[in-house]
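Read through the structure below, which is laid out as structure tokens, and then see the notes.
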Amino acid sequence: QVQLVESGGGLVQAGGSLRLSCAASGRTFSSGAMGWFRQAPGKEREFVAAISWITEFTYYADSVKGRFTISRDNAKNTVYLQMNSLKPEDTAVYYCAGRRLRLPLSAPEYDYWGQGTQVTVSS
């Protein structure tokens with residue numbers, strides 16, 4: 001089993017920054033990928049960013065490209081999402097997800113999910 005715990009959400013003004021963390025515990029990953037997703041009220045969950053556990057490859061949604069950066073610390077089994085130049089439309093619950101299968105980073109399939117952390121961007 002794998003447990004994923006997100007932290008770092010909060011309230012920030014438009015143009016501000018937040019850094020989300022996702023700590024993995026249990027039978028953690030030595031391959032595959034980690035991803036960040038978000039879900040705004042009344043909307044479907046959408047992909048935000050993904051990173052491989054074993055390469056430096058990353059992949060981003062067009063809506064966050066150039067503003068968000070995903071990174072990882074393998075020693076800490078932790079993945080981060082640095083969010084800059086935040087906009088009100090970035091307001092959502094942010095979830096991290098993990099998988100062991102080596103699929104393309106654009107693949108939406110993930111096996112493990114965290115409980116989510118709220119990000120609210122005020123205008």
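Observations on the structure shown:
- The single residue among Leu86, Leu81 that is of a type outside the set (Lys, Arg), within 17 Å of Leu20 (Cα to Cα) and part of a strand (DSSP E or B) turns out to be Leu81.
- For segment 99-122, a tally of residues being assigned to a loop (DSSP other than H, G, I, E, B), polar (S, T, N, Q) and at pLDDT 95 or above returns 1.
- The single condition among (1) open to solvent by 50 Å² or more (accessible area, probe 1.4 Å); (2) closer than 17 Å to Tyr110 by Cβ that Gly15 does not satisfy is (2).
- In segment 55-78, the residue that is nearest to Val2 (Cα to Cα) out of those that are part of a loop (DSSP other than H, G, I, E, B) and of a type in the set (Ser, Thr, Tyr) is Thr55.
- Residues within segment 19-62 that are more than 20 Å from Glu109 (Cβ to Cβ), under 14 Å from the mean Cα position of the chain (by Cα) and free of Cβ contacts under 8 Å to residues at least 40 places away in the same chain, tallied: 0
- Every test in (1) within 10 Å of the chain's Cα centre (by Cα); (2) of a type outside the set (Ser, Thr, Tyr); (3) at pLDDT below 95 is passed by Asn77 save one, and that test is (1).
- Filter result for Asp111 (free of Cβ contacts under 8 Å to residues at least 12 places away in the same chain, surrounded by fewer than 19 Cβ atoms within 10 Å (Cβ to Cβ) and either under 23 Å from Val2 (Cα atoms) or in contact with a His (Cβ under 9 Å, 6 or more places away or on another chain) (or both)): no
Here is a yes/no grid of residues against (1) of a type in the set (Lys, Arg); (2) open to solvent by less than 40 Å² (accessible area, probe 1.4 Å); (3) under 20 Å from Val12 (Cβ atoms); (4) at pLDDT 95 or above:
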residue	(1), (2), (3), (4)
Thr58	no, no, no, yes
Ala61	no, yes, yes, yes
Lys65	yes, no, yes, yes
Ile70	no, yes, yes, yes
Met83	no, yes, yes, yes
Lys87	yes, no, yes, yes
Thr91	no, yes, yes, yes
Tyr94	no, yes, yes, yes
Ala97	no, yes, no, yes
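- Condition met for Ala75 (open to solvent by 30 Å² or more (accessible area, probe 1.4 Å), under 14 Å from Gly114 (Cβ atoms) and not basic (Lys, Arg)): no
- Being modelled with pLDDT under 95, part of a strand (DSSP E or B) and buried (at least 16 other Cβ atoms within 10 Å of the Cβ) holds for only one residue in Ala49, Ala24, and it is Ala24.
The values are calculated or read from the model by the stated rules, or taken from the named source; none is laboratory data. These numbers come from a predicted model, not from an experiment. Please note: Cβ atoms are built from the backbone with ideal geometry, for glycine as well, and neighbour counts cover all protein chains shown. These accessible areas exclude ligands, DNA and RNA; they are computed on the full protein's heavy atoms, side chains included. Shrake-Rupley method; radii C 1.70, N 1.55, O 1.52, S 1.80 Å.
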